[in-house]
Each structure stands twice: as C-alpha cells, then as structure tokens.
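Here the structure is laid out as structure tokens; the discussion comes afterwards.
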Amino acid sequence: MSTLSERILGAAAGEYVDRKVDRAYAHDGTGVLALEAWKKMGGDRLGKETEYYLQFDHIAPANNSTTATLQHELRDFAHMTSMHFSDIGCGICHQLMSEGVVLPGEIVVGADSHSVTPGAFGAFATGVGATDMAGIWLTGETWFRVPESVGVNLTGKLSGAAEAKDLALNYVGRLGMDGATYQALEFIGEGAHHLSIDERLVLSNLSMEAGAKAGLFYADDVTVRYLKERGHAVLSQEPEDCSYRSEIDIDLADIVPLVAVPPRVDTVKPVDDLAGLSLDQVFVGTCTNGRYFDLARFARLVKGRKVAVRTIVVPASEEILKKAIRTGVLADLVEAGCTLGTPGCGPCLGYHMGVLGEGEVCLSTANRNFKNRMGVGGEIYLGSVATAAASALAGEITSPEAA
C-alpha cells in the first residue's frame, strides 16, 4: 500500500524517477532566471503535453525601471510561447493555480518555494529552482526522489478564535523548520474533512516552513464539490493503509491563537504571551491568508471601528478582489482605515507596497518572518487573520475573540 505521494509519482519512497509534469509555473522573479537558463540551454520545445504558466505577482506593479524592463521581456516571451500568462493585478501564482486549475493526482511544479500550496487538492505540488524550470520548459518533465511521508492526523474541529493559520503554526512549531526536510506531509484523519479548501491551502502552504517537499490532502467530497463549481468533474482519493516515516496527532479543538516570533517560523507562542507588544504595521494577505474568506473575516472584525496602526490589505487574486467589491467587504475595510494593495504578494518579500523601516514591527498573516524579510531592521510576527484584526484595532499584539 502506498502514500499519496508514492501513488502520484508511481514509485516507492527513496526511489528516483523521471516524470512528465502536468503543470509548470513561474512568476516575474524566478521567470527572469528561468528564461536566462532556457536561452543558455538552446531554447525551444515548450507547448507539448505540459501546461505552462507565467504569472506576475512578486513585484507587481514594477517598483523601478529595471524591474519594468525585465517584466517587458518576460511578457514578450510568454506571448511568443503561448504560455498561460497572468499580468499585473491578476494575483499570486499559487492562488491562481488553486482557482480551478490544479486537479487531484497531478504533478505540479512551480519555480517558487511555496508551490506546495496546491497540494491541498490531492496533487503532488512542489517547488524547484529556475534552472530546473528551464529544463521543464525544454523537456516537459523532471526528476524526483520520491519523498518519505509524515502523517499529520487531525481530529475534532477548530473552535473559538482559532483558525487554520494557528493550526499550521502549531504543526510547524512541533516539527521545527527542518523537521520534515524532503518529506511529504499528508494531512489525514476525520478532522481534515471539516476543513474548507481555503483552510487546507493554508496548511499545505506552511508545509514548506517545516522543510517539506510537499503538503497534501486527499481529495474528498469537499474537493470534488469545489472543483465541480469551477467546471471540473473529478473523483475523490481514498487513503490506503501505508507506512509513514512518522506521525503526529493534533486535536483541532485544542488549537489556540498563536504567533510565530521572529526570526523563525517554528518559534511559536500563544498570542496571550505577547499581548501588549507595540506594532507599527499590520499586513493581511499573501498566498497564506489573502483569500476572500480571510478578507471577509478581517472586515467583519473591524467593521464600524478604526484601525489604530497602518494596516495594509492585499487580496491574493483579482477574483477575490472582485468578490470583495461585490459583497461590500472592500468598503468595510476602507471605512475601517485600511490601505488596499494590488492583488499579488505585496510587501511579503520586502520590495514594495509596505516595506518596514529600521526598528519597525509588523504583525503579518504571511508565512515567513526571517530577518530583514520585509525590510532591513524590521521585525515580523506571524499570526492569523483574527489576531491581525484584533491587533490592528489595538495597535499592539492582541488576542482575538471568537467571532
């Protein structure tokens, strides 16, 4: 019997395999490097059986003339090769791949570390370097060492003010930042069935922060229903009896609001332990927590009040932005004093749209809080949307209430 990774890759853990890639994507940052490598390798192929995507999200809009020139070259390349191209404002690559693109059982490779995100659909989704991506453009395939898997057994339901982000920080804290290096996390157990697709995407996304090669959910009725709404008829995946390298058990009812303390994602503490820490900025967005569910929750918690600290909200995609406009969520955010950014990565990587200054402190819903990540000398605390809302209103780290 096999783990889900073994089933999709068609070999036992530890074996090396060459496999055709179903979907391959890059963004404006890694795409520049992949294009350079592709040219050095002689160019051509592309097209064939593999679906290719190029999405502008990391520095969108361009922050200077050098970036703009490089993006211009990438646009020309995308149009020349008939890749699926998403320009400025369309959204974050991982979110776009999760809006009815990636399907269960597929092998999906992205030139970005958080390409593990679409594993929420029962796909083997992982990140590669730019040179590897160039090789995929040339051949349509790549090699893998089939990873061993860790079973993350979920029971119960989230309660109170706890969110999927708190659950993700919990397992990263337990495993450590290198505790699952080149392993696949499989989220299993009856608790997994109680999580929405948006919540599953959060858990798969953070698997990278434990060093994992992939983070997968088995496609179930939740997955089937979500993809049916987007025009795809897919089958669920039934787990088999299999051997995991290790297992961890988490009762979702025990999860409380947590914060990751800089500069490590695995240094996790209850929000209450850090209550009162003064903030200069709150950031809500990214491929972790920039979905409509997140924006709507944040808006509901701040509606009718005013944030006490500069608060930046960036939708993860154009689709999410449009829904937030239609439903009035956007208006509630603006009325509360929030600043809205173009759909994309925003200030997450520290290039624009909210860079921190020396000594400034930010509470962010992103996935990384490394030193100088959002600006030289700035400090980043990671938390959930509810924690971000409570903290934005107070101007300091504040424990959220159930809502």
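The values are calculated or read from the model by the stated rules, or taken from the named source; none is laboratory data. Quick caveat, the model's predicted, so the values are computed rather than measured. Because the Cβ atoms are built from the backbone with ideal geometry, glycine has one as well, and the counts that use them run over all protein chains shown.
Tabulated data for the structure shown
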{"read-out": "Residue ID - nearest to K165 (Cα to Cα), chosen from residues in region 355-368 that are surrounded by fewer than 23 Cβ atoms within 10 Å (Cβ to Cβ) and not aliphatic (A, V, I, L, M)", "value": "E360"}
{"read-out": "Region 135-169: number of residues that are over 30 Å from G10 (Cα atoms) and either among the charged types (D, E, K, R) or buried (at least 20 other Cβ atoms within 10 Å of the Cβ) (or both)", "value": "9"}
{"read-out": "Residues being in a loop (DSSP other than H, G, I, E, B), in contact with a strand residue (DSSP E or B) (Cβ under 9 Å, 6 or more places away or on another chain) and hydroxyl-bearing (S, T, Y) - total across region 2-16", "value": "1"}
{"read-out": "Criterion violated by V329 - all others in (1) more than 20 Å from the chain's Cα centre (by Cα); (2) within 23 Å of S86 (Cβ to Cβ); (3) surrounded by fewer than 20 Cβ atoms within 10 Å (Cβ to Cβ) satisfied", "value": "(3)"}
{"read-out": "Boolean, A388 is closer than 21 Å to D273 by Cβ and modelled with pLDDT of 95 or more", "value": "yes"}
{"read-out": "Residues (more than 19 Å from E141 (Cα to Cα) and touching a Ser or Thr at 6+ places or on another chain (Cβ under 8 Å)) located in region 29-56", "value": "Q55, F56"}
{"read-out": "Pick from region 109-157, criterion closer than 14 Å to K20 by Cβ and aromatic (F, W, Y), ranking: nearest to the chain's Cα centre (by Cα)", "value": "F124"}
{"read-out": "Residue in region 38-54 that is within 30 Å of D198 (Cβ to Cβ) and among the small types (G, A, S) present", "value": "no"}
{"read-out": "Hits in region 88-134 - residues which are within 28 Å of K39 (Cβ to Cβ), of a type in the set (S, T, Y) and surrounded by 24 or more Cβ atoms within 10 Å (Cβ to Cβ)", "value": "S115, T126"}
{"read-out": "Test: residue in region 17-40 that is surrounded by 12 or more Cβ atoms within 10 Å (Cβ to Cβ), aromatic (F, W, Y) and in a strand (DSSP E or B)", "value": "yes"}
{"read-out": "Selection from region 126-153 of residues that are closer than 16 Å to K213 by Cα, of a type in the set (A, V, I, L, M, F, W, C) and in contact with a Ser or Thr (Cβ under 6 Å, 6 or more places away or on another chain)", "value": "V150"}
{"read-out": "Strands (runs of 3 or more DSSP E) wholly inside region 244-303 containing at least 2 residues that are surrounded by fewer than 24 Cβ atoms within 10 Å (Cβ to Cβ)", "value": "246-251, 268-270"}
{"read-out": "In region 41-58, the residues that are part of a loop (DSSP other than H, G, I, E, B) and in contact with a Cys (Cβ under 8 Å, 6 or more places away or on another chain)", "value": "F56, D57, H58"}
{"read-out": "Subset of region 170-187 (residues that are of a type outside the set (D, E) and crowded, with 21+ Cβ neighbours inside 10 Å)", "value": "Y171, V172, L175, A180, Q183, A184, L185, F187"}
{"read-out": "Index of the failed condition, D294 passing every other in (1) free of Cβ contacts under 8 Å to residues at least 60 places away in the same chain; (2) among the charged types (D, E, K, R); (3) under 21 Å from K165 (Cβ atoms)", "value": "(1)"}
{"read-out": "Qualifying residue in region 310-328 (condition: of a type in the set (S, T, Y), in a loop (DSSP other than H, G, I, E, B) and closer than 22 Å to P257 by Cβ)", "value": "no"}
{"read-out": "Filtered residues of region 121-174 (kept if within 21 Å of M83 (Cα to Cα) and not hydrophobic (A, V, I, L, M, F, W, C))", "value": "T126, G127, G129, T131, D132, G135, T139, G140, E141, T142"}
{"read-out": "Qualifying residue in region 221-233 (condition: closer than 30 Å to E379 by Cα and at pLDDT 95 or above)", "value": "no"}
{"read-out": "Residue ranges of helices (runs of 4 or more DSSP H) in region 142-241 with at least 2 members in contact (Cβ under 8 Å) with a residue 60 or more places away in the chain, closer than 23 Å to I107 by Cβ and among the β-branched types (V, I, T)", "value": "197-206"}
